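Report on the structure given below.
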Amino acid sequence: MKRELGIARCGLACCLCSENVECRGCRQDGFLDLSWCKDAEWCENRKCVLEKEIAGCYECSPADCRKGLFKEKIKARAFAEYARRYGVEALLDCLERNEQAGIVYHRTGIMGDYDDFDDLEQLMDFIRTGKRRTSE
């Protein structure tokens, strides 16, 4: 885990991402100069955060938002909501503990253990405990 990269403005875990080795995290360079980032211009979450002058989606209402990544990506929404409720450092602590326990952020492409959820609260519980709830 590259903890210094932290959590992206949208909530994704830059600290665990292995997709773009050039990436320095979207919070670097004041979040304005991202010439190295292929997604900076079209990222709706980035634009919204800049317009609202907030640090990240976790300072807003991520559970209810459907902008940008939040339209289809429950992982980003759940991470941002977790950070909103408990703080970014608490989220980083959980992600680090989970990684040490073998939970994988990216397994094939961008899919990993945090991606197979349909329910926000269940995913947040998985972030917190590192364990999946079993059906009763």
Among (1) under 23 Å from residue 42 (Cα atoms); (2) surrounded by 13 or more Cβ atoms within 10 Å (Cβ to Cβ), residue 64 falls short only on (2)
From the list 125, 118, 93, which one is over 14 Å from the mean Cα position of the chain (by Cα) and free of Cβ contacts under 8 Å to residues at least 12 places away in the same chain?
125
Look at residue 103 and say whether it is under 12 Å from the mean Cα position of the chain (by Cα) and either open to solvent by 50 Å² or more (accessible area, probe 1.4 Å) or at negative phi (or both).
no
Criterion (at pLDDT 90 or above, open to solvent by less than 20 Å² (accessible area, probe 1.4 Å), within 22 Å of residue 125 (Cβ to Cβ) and among the charged types (D, E, K, R)) met by exactly one of 89, 81, 96:
81
Scanning region 60-74 residue by residue, those touching a helix residue (DSSP H, G or I) at 6+ places or on another chain (Cβ under 7 Å) and not hydrophobic (A, V, I, L, M, F, W, C) turn out to be 62, 67, 68
State whether the residues of region 71-78 include one that is within 23 Å of residue 2 (Cβ to Cβ), open to solvent by 80 Å² or more (accessible area, probe 1.4 Å), modelled with pLDDT of 80 or more and in a helix (DSSP H, G or I).
no
Output for region 100-127, where each listed residue is assigned to a helix (DSSP H, G or I) and farther than 22 Å from residue 57 by Cβ:
100
Could you tell me whether any residue of region 42-55 is open to solvent by 90 Å² or more (accessible area, probe 1.4 Å), part of a loop (DSSP other than H, G, I, E, B) and of a type outside the set (D, E, K, R)?
yes
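The values are calculated or read from the model by the stated rules, or taken from the named source; none is laboratory data. If you're wondering where the values come from, they're calculated on a predicted model, not measured in any experiment. Neighbour counts run over all protein chains shown; Cβ positions are idealised from the backbone, glycine included. For the accessible areas, the whole protein counts, side chains as well, though only heavy atoms, and no ligand, DNA or RNA atoms are used. Shrake-Rupley method; radii C 1.70, N 1.55, O 1.52, S 1.80 Å.
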